[in-house]
Amino acid sequence: MKDAVKFGVIWVILSAILEWCVYLVRHMFYTTATIQAVDGQHAADFIFYVVTPIFAFVVLMLIFGFTQFRRRRNDKGGNSPHQFRTNRAFVGIWIGVSLVVNLFLFVHPTASAMENYWNQSVEYQKSPNLLVVDVYARQWQWMYSYPQYGIANAVNSAGNGELVLPVDRPVQFVLRSYDFNHYYDVEADVIHSFWIPAFGWKTDVIPGETRYEYAYPTELGSTAENQMFRVQCAEVCGPGHPYMYTGMKVVTASQFSAWIQKQKKLQSSS
Amino acid sequence: MSSIPQTGVDTGRPLTRRYKRMAPVLRGLLWALIGYMVVDMIVAFLDPGPTHSLFNLVSLTFAWVGGVVGWTLGIGTWESVVRPAFGYPMKWKETVGWRRYFEYSTNHKVIGIQYMVSSLGGFIIAGTAAMLMRLQLMDDRMWFFPYSKYYLVTVGIHGTIMMFSVATVFMVGGLGNYLIPMMVGSNTSAFSRLSGVSVWFVPAGILTVAFSPLLGAWTTGWRGYEPLASQDGSGIIYYYLGVFILLMSSLIVAANLVATIVFRRAPGLTWNRLPMYAWGMLAVSFLNLIWIPEIMMTFVMALLDKIVPLPMFQSTGSPLVYLQMFWLFGHPEVYIVVVPALALWMEIIPVMGRKTLFARQWGVIGLVFVMLLSGMVWAHHLFPTQQNATILPFSFFTEMISIPTGFAFMVSIGTMWKSKMRLNTPSILIMMSMFNFLIGGLTGVFLADPAVNMQLHDTFFVVGHFHYTIIGGMVFSSFAAMYYYLPKFSGRMYNEKWAQLGVYWIFLAFNATFFQFFILGLRGMNRWVPVYPAYLRAQNFEVSIFAFLLGFGFLYNIIYIIYVWRRGEKVDENPWQSKTLEWTTSSPPADISFEEIPTVTEGFYDYSDGVSTES
């Protein structure tokens, strides 16, 4: 009993200290520039808080194994004087708690965050303000077109693909692996993954299928300032995979319309 | 009474006679070369397309079969298996001395050591590949490898050889073959001849994968993802074939271990008394029997897709079908790797703590339910790949599987409570393994959550997570097993000071390396990239330093274990006072482990003798 009380007290203290540490480091996604990234961050924080006491429990047990329950140097004796085959209360609590914790984590944040995410995408689809960006992935480049503005291939001053999004406006990404510049070769392309680290998600681009992904950018940023703002292929797609990234920007509405005008001029001149 | 089957007819001639023939390994290599070339020529001759060279994908596939057959026959199965099967007198006789480890054998202890040594070879090859990867990642541009495809093929070789010849093999084919017959009180395994053949598939498979880049670098990583594989370098066919033969070996091991545990148990060894490690081997072998044929057939399909070629997994077919079929095996594979480790914790802790195993039945239930649930979680590897609407069920089972996995922790912790833990190398390693696997498991809870997974998937966070489960769980436990069973294998004892030096070394280096993988992933480091944004350079540089320390740490432990095996101090037969049957034999065990088959009258984990029991 003495050991159990001692363990319980230390466990509570250790858990509290560790929870405080988690509170300090909780912003583990580094850059969260969309509502979706913030939601993911919240889910991660919540899980972090829940698993920390479990971590503390097992680690403290291991520490007890190393200190409290170790065989002393001069102890040449045989078996431990404490022998028991089971302990109904301990087993019952263990199984009960692990069931409850897992079911609870499934309800929140797993199912709740997914439901939230689906509701957001339904809401964005209805929004008259929705910006549609067609994203084409092929070995080994990203191409962006803005069908609402008649921009077929958005490029920066160097002629490379560039993704520019206005802040505070829902975006629908339409992800395909074929594009307007090439005839469609069924053998040509492979699976890619569209990832913007600052946006908190990624979605694979599957040859022959169309995928949709939604975001609501809430922070301004650009690749030049923060590399978490970049479009990166996250699924291995051959030797060019590490080079399959483009720059991107989240800009204000007025900057965005200026950029659109520039792209239009660029297209008409070519 | 010996129950060794009479595999050889003693012709009465002196044993030395047989050494007139070529050394089996050399003969195997020679026959492999002959088989390879002959079959290649035949196929190239039968299929003389104007565009076909003498070595084309089809002829190289068949040539490989010829090579493996030549290797297997040359290593000794020609005299011992094939000729007797056609009615010729058996001239083969089990060799004695060191030579027996380099040819076909039916002795489960010899086979076990052959598996361990082959697996160790794979560990060193794949570990070297990992070191080369870390060398490249010390800078953010290409500098060590000339082209990124050579980096990617190194990633593939590292993953493939580690998974299929080390993680799946060492504790099952190696320790399982050596220990399981002794643990259940039998002098042989059930299919000892088949087992003697299957062990030689392992070096064949390792070499096939390791030399595959000669045909052209493949960039898919260990998963052979389609449709990338269908347009990748031709070396991918030797990835399929190498893995195929490694899996064939594991499949035979599984059949052998299940049959041994089910049919070869000593009298009185009921299911309620079966040792925990044997339960672990049984669960793992069922997993192997269920899922290995599935992945072997998938690889045959992918191979045909490549060499015919077919469009099965391209956009006119379905790229996702391959991915689903791969992970349908791929996730049970993770538990194939970890279940032996969980079983080993429960095996060693009561012995070292001198305390009765706690809640044994829940430990067994945990192993069995992990086995059952592991087939229902595969698609969590595909969260960003599949449609969002299909994610939740897999998320559910992925979170639920932590419950039976947790039982292994419950049993181990409950046994440790109020024990008299002997803090020696095996028990320290077991506790380290529990610590590492705990981190691996808890980071898995983050990854099981789709909203979090969509950010962390395909980043170094995932790489950190599975290295914590596999190195942290399986490799640390394997080292625990090696230190624990060294006195059994060799009759010699390691020195606590030198062994613990190695153990703390790998623990610190491992955590310093892989804990930072989580941070790298969160900072935006994605997988399969030899070049990466410059802001990640400093941390990658420093992670590489720790990775090299870890590599040398493993090397130190391996060399030290081999040294003790050969030169260590002699020790009693049962230095840990363990009660399981393998410790009732002499150390090292004789060819025939049990002169008389033991009768089991009670379980092996009861330490209440001489102690007044508490309720």
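The values are calculated or read from the model by the stated rules, or taken from the named source; none is laboratory data. All values derive from a computational prediction rather than experimental measurement. Please note: Cβ atoms are built from the backbone with ideal geometry, for glycine as well, and neighbour counts cover all protein chains shown.
What the table shows:
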item	result
Residue check, B:N495 touching a residue at least 12 places away in the same chain (Cβ under 8 Å), touching a strand residue (DSSP E or B) at 6+ places or on another chain (Cβ under 8 Å) and farther than 12 Å from B:F460 by Cα	yes
Evaluation of B:F383 against (1) farther than 24 Å from B:M171 by Cβ; (2) surrounded by fewer than 23 Cβ atoms within 10 Å (Cβ to Cβ) (one fails), failing number	(2)
Subset of the stretch B:540-556 [surrounded by fewer than 19 Cβ atoms within 10 Å (Cβ to Cβ) and closer than 18 Å to B:F144 by Cα]	B:F541, B:E542, B:I545, B:F548
Residue pairs meeting the criteria (Cβ under 8 Å; at least 6 apart or on separate chains; first closer than 20 Å to B:F286 by Cβ, in the stretch B:315-336; second in a loop (DSSP other than H, G, I, E, B))	B:H331/B:V377; B:E333/B:T168; B:I336/B:T168
Single residue of the stretch A:14-41 satisfying the filter (surrounded by fewer than 19 Cβ atoms within 10 Å (Cβ to Cβ), in contact (Cβ under 8 Å) with a residue 24 or more places away in the chain and within 11 Å of another protein chain (Cβ to nearest Cβ)) that is farthest from A:V100 (Cα to Cα)	A:Y30
Meets criteria (away from chain B (no Cβ under 13 Å) and without any contact (Cβ under 8 Å) to a residue 24 or more places away in the chain) for A:P128	yes
Considering residues of the stretch A:88-107 that are more than 7 Å from every other protein chain (Cβ to nearest Cβ) and surrounded by 13 or more Cβ atoms within 10 Å (Cβ to Cβ) only, the residue nearest to B:R422 (Cα to Cα)	A:I95
So A:V236, is it touching a residue at least 60 places away in the same chain (Cβ under 8 Å), of a type outside the set (F, W, Y) and surrounded by 19 or more Cβ atoms within 10 Å (Cβ to Cβ)	no
Test: residue in the stretch A:243-262 that is over 26 Å from A:A43 (Cα atoms) and facing another protein chain (nearest Cβ under 9 Å)	yes
Qualifying position, being within 14 Å of chain A (Cβ to nearest Cβ) and either of a type in the set (F, W, Y) or in contact with a helix residue (DSSP H, G or I) (Cβ under 6 Å, 6 or more places away or on another chain) (or both), among B:F604, B:F594	B:F604
Residue in the stretch B:548-569 that is in a helix (DSSP H, G or I), farther than 30 Å from B:Y607 by Cα, modelled with pLDDT of 95 or more and within 14 Å of chain A (Cβ to nearest Cβ) present	no
Yes/no for A:I10 being over 22 Å from B:M410 (Cβ atoms), more than 12 Å from every other protein chain (Cβ to nearest Cβ) and at pLDDT 95 or above	no
The stretch A:199-215: number of residues that are part of a loop (DSSP other than H, G, I, E, B), more than 13 Å from the chain's Cα centre (by Cα) and not aliphatic (A, V, I, L, M)	4
From the options B:I519, B:I430, residue that is in contact (Cβ under 8 Å) with a residue 40 or more places away in the chain and among the aliphatic types (A, V, I, L, M)	B:I430
Residue within the stretch B:498-517 that is aliphatic (A, V, I, L, M), at pLDDT 95 or above and closer than 30 Å to B:S395 by Cβ present	no
Members of the stretch B:438-475 that are surrounded by fewer than 24 Cβ atoms within 10 Å (Cβ to Cβ), among the aromatic types (F, W, Y) and within 13 Å of chain A (Cβ to nearest Cβ)	B:F446
Residues that are out of contact with any Phe, Trp or Tyr (no Cβ under 7 Å at 6 or more places or on another chain), more than 11 Å from chain A (Cβ to nearest Cβ) and either aromatic (F, W, Y) or in a loop (DSSP other than H, G, I, E, B) (or both), drawn from the stretch B:344-393	B:W345, B:F369
Residues of the stretch A:216-270 that turn out to be assigned to a strand (DSSP E or B) and touching a Pro at 6+ places or on another chain (Cβ under 8 Å), as a count	5
Helices (runs of 4 or more DSSP H) wholly inside the stretch B:189-280 containing at least 2 residues that are among the polar types (S, T, N, Q)	B:192-198, B:228-231, B:236-263
Residue that is nearest to B:N388 (Cα to Cα) [pool: residues in the stretch B:420-437 that are surrounded by 24 or more Cβ atoms within 10 Å (Cβ to Cβ) and facing another protein chain (nearest Cβ under 7 Å)]	B:M434
Unique match (being farther than 24 Å from B:H380 by Cβ and of a type in the set (A, V, I, L, M)) among B:I428, B:I439	B:I428
Some residue of the stretch B:235-242 being farther than 30 Å from B:L282 by Cα and either facing another protein chain (nearest Cβ under 9 Å) or among the small types (G, A, S) (or both)	yes
A:A111 vs. criteria more than 9 Å from chain B (Cβ to nearest Cβ), closer than 21 Å to B:L382 by Cα, touching a Leu at 6+ places or on another chain (Cβ under 8 Å) and not in a loop (DSSP other than H, G, I, E, B)	no
